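J.: This is the structure I have questions about; it appears just below.
The values are calculated or read from the model by the stated rules, or taken from the named source; none is laboratory data. Nothing here was measured: the structure is a model prediction, and the numbers come from that model. Positions of Cβ are generated from backbone atoms using ideal geometry, with glycine treated the same way; all protein chains shown enter the neighbour counts. Ligands, DNA and RNA are excluded from the accessible area calculation, which covers all protein heavy atoms including side chains. Shrake-Rupley method; radii C 1.70, N 1.55, O 1.52, S 1.80 Å.
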Amino acid sequence: MISFYPGPSAVYPEIPLYVQQAYDEGILSMNHRSPEFIAISKELQKVIKEKLEIPQDYMVMYCSSATECWENIAQSFRSKKSLHFYNGAFGEKWANYQKLLLGNENVIEAPFGIEEAPALEKFTNAQADLLCLTQCETSNATQLPEGTLEQARSLYPEALVTIDATSALAGVQLPIALGDIWYASVQKCFGLPAGMAVIILSPKAQQLALANFEAAHYNHLGSMIRQMEAFQTPYTPNVLNIYLLLRTLQAAPPIGITSQRIRAQWQNWKTFLAQKGLKLLIKNEAVQSETVLAIQASPQKVTEIKQKAKAQGILLGNGYGKWKDDCFRIANFPAIPPEHIQKLITFLEQL
Ligand SMILES: *Cc1c(COP(=O)(O)O)cnc(C)c1O
């Protein structure tokens with residue numbers, strides 16, 4: 001079965017080889033305080049910064065999922081106020097986690113339409129400490145329009161600009177220096193098995209997390225930073241996925257190259273779908289995601305396409321939430337081999 005599911009998604013075809021090598025090299029039972037682990041973790045800091053163009057003074061840490069990142073962030077800034085711009089299910093969930101830990105009164109929600117850009121200028125008087133954005137809303141295949149982060153920085157110079165970059169990080173080129181906290185789970189654009197996320201902190205975010213450090217929480221960003229200063233984690237991490245992340249990033253081209261490929265594939269998809277008379281859920285080009293496409297059709301047609309695809313060994317993504325029945329999604333993630341895309345195109349041509 002070849003998968004176009006936007007998470008968990010197709011893993012890099014080299015993964016079985018790397019897993020075998022991890023076993024052969026004793027990585028699978030490696031102690032997470034050993035010099036051998038520290039060497040891998042240290043090398044990963046170097047390689048990920050190089051390949052994803054992350055500034056040297058940022059810190060990259062690992063935890064178990066994007067959902068855990070919501071909790072980590074909320075735990076770390078409990079006396080703070082957060083402002084959430086969202087247009088879909090993931091952004092909304094984030095705001096909900098934040099409300100549970102910070103209290104409703106400290107969370108401002110700014111929902112916006114799926115064809116729109118967030119109205120950042122509306123809440124500049126709210127004195128938010130955290131400005132929360134979702135780079136790619138995987139649920140409805142939208143992304144923040146270009147220039148959003150520049151605008152966020154200038155309108156909210158004091159706030160920590162915090163970005164859920166799941167479905168974007170490692171797939172598209174992102175202006176990392178314009179954000180303070182970035183995070184993404186690895187089963188989307190990183191092309192790895194689920195069960196890990198990376199979280200990236202600017203010097204300002206590191207300072208603030210340490211200033212608010214409460215030792216009561218193992219997953220407080222402060223405890224994660226203290227451990228990562230020695231290239232370690234507060235708990236036994238997903239050593240296999242850390243190793244796989246290192247191996248896949250070592251083999252990957254710089255993000256600028258990957259980003260160009262993803263954009264070209266996305267343009268091809270759009271041309272092809274238009275020729276076939278298949279319609280995208282999102283019409284506004286400025287907010288269409290380059291990494292996830294949502295195609296809208298009648299529920300009967302969606303069911304038929306998904307079933308026929310499955311019979312040919314092709315897994316399409318279901319629509320999400322209110323678009324469950326009348327949409328299907330196609331991941332345009334870097335790990336998907338060109339031959340798989342060709343196979344899906346051939347299938348859709350024959351419909
Ligand atoms: C998939 C996804 C999540 C949740 O990831 P988990 O690894 O399941 O926690 C969060 N945000 C976005 C934008 C996603 O696409």
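J.: Any residue in the stretch 158-181 that is farther than 22 Å from residue 292 by Cβ sitting within a Cβ distance under 7 Å of a residue that is within 16 Å of the ligand (Cβ to nearest atom) and in a loop (DSSP other than H, G, I, E, B)? List the pairs, counting only those 6 or more apart or interchain.
T.: Filtered contacts from the stretch 158-181: 161/179.
J.: Looking only at residues in the stretch 159-206 that are charged (D, E, K, R) and open to solvent by less than 10 Å² (accessible area, probe 1.4 Å), which one is farthest from the ligand (Cβ to nearest atom)?
T.: Only one residue fits best here, namely 180.
J.: Cβ-Cβ distance below 7 Å, separation of 6 or more or different chains: which pairs start in the stretch 312-331 with a residue that is farther than 19 Å from residue 92 by Cβ and end on one that is at pLDDT below 95 and open to solvent by 10 Å² or more (accessible area, probe 1.4 Å)?
T.: 313/1; 315/1
J.: Here's a follow-up. Return a yes/no flag: does the stretch 245-252 have any residue that is within 16 Å of the ligand (Cβ to nearest atom) and part of a loop (DSSP other than H, G, I, E, B).
T.: no
J.: Another question, if that's okay. So, of the residues in the stretch 9-30 that are in a loop (DSSP other than H, G, I, E, B) and open to solvent by less than 90 Å² (accessible area, probe 1.4 Å), which turns out to be nearest to the ligand (Cβ to nearest atom)?
T.: Among those residues, the one meeting the criterion is 9.
J.: If I go through the stretch 204-238 residue by residue, how many of them are farther than 30 Å from residue 156 by Cβ and aliphatic (A, V, I, L, M)?
T.: 1
J.: Which residues, counting only those in the stretch 133-158, are hydroxyl-bearing (Ser, Thr, Tyr) and within 11 Å of the ligand (Cβ to nearest atom)?
T.: Passing the criteria: 134, 138, 139, 142.
J.: For the stretch 78-119, name all the residues that are among the acidic types (Asp, Glu) and either farther than 20 Å from residue 159 by Cα or touching a Leu at 6+ places or on another chain (Cβ under 7 Å) (or both).
T.: From the stretch 78-119, those among the acidic types (Asp, Glu) are 92, 105, 109, 115-116; that's our starting set.
Listed by number, the residues that qualify are 115, 116.
J.: Using the structure shown, decide if residue 104 is out of contact with any Ser or Thr (no Cβ under 9 Å at 6 or more places or on another chain) and either within 16 Å of the ligand (Cβ to nearest atom) or among the basic types (Lys, Arg) (or both).
T.: Values: out of contact with any Ser or Thr (no Cβ under 9 Å at 6 or more places or on another chain): yes; either within 16 Å of the ligand (Cβ to nearest atom) or among the basic types (Lys, Arg) (or both): no.
Taking the combined requirement at face value, the residue does not satisfy it.
Residue-by-condition table, conditions (1) assigned to a helix (DSSP H, G or I); (2) more than 18 Å from residue 332 (Cβ to Cβ); (3) open to solvent by 20 Å² or more (accessible area, probe 1.4 Å):
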site: 262; (1), (2), (3): yes, no, no
site: 271; (1), (2), (3): yes, no, yes
site: 282; (1), (2), (3): no, no, no
site: 294; (1), (2), (3): no, no, no
site: 307; (1), (2), (3): yes, yes, yes
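J.: When the residues of the stretch 207-254 are filtered to those that are more than 29 Å from residue 23 (Cα to Cα) and touching a Gly at 6+ places or on another chain (Cβ under 9 Å), which remaining residue is least open to solvent (accessible area, probe 1.4 Å)?
T.: 209
J.: Just name the residue that is nearest to residue 1 (Cα to Cα) out of those in the stretch 314-336 that are of a type outside the set (A, V, I, L, M, F, W, C) and open to solvent by less than 20 Å² (accessible area, probe 1.4 Å). Please lay out each step first, then the result.
T.: If we filter the stretch 314-336 for residues that are of a type outside the set (A, V, I, L, M, F, W, C), which is where we start, we get 317-322, 324-326, 329, 332, 334.
Remaining after also requiring open to solvent by less than 20 Å² (accessible area, probe 1.4 Å): 317, 319, 329, 332, 334.
On the way: 317: 13, 319: 19, 329: 16, 332: 17, 334: 18 Å.
So the residue we want is 317.
J.: How about the stretch 72-138: which strands (runs of 3 or more DSSP E) wholly inside it have at least 1 residues that are touching a residue at least 60 places away in the same chain (Cβ under 8 Å)?
T.: 82-86
J.: Next question. Of all residues in the stretch 53-101 being among the small types (Gly, Ala, Ser) and within 13 Å of the ligand (Cβ to nearest atom), which is farthest from residue 172 (Cα to Cα)?
T.: Looking at residues that are among the small types (Gly, Ala, Ser) and within 13 Å of the ligand (Cβ to nearest atom), I get 95.
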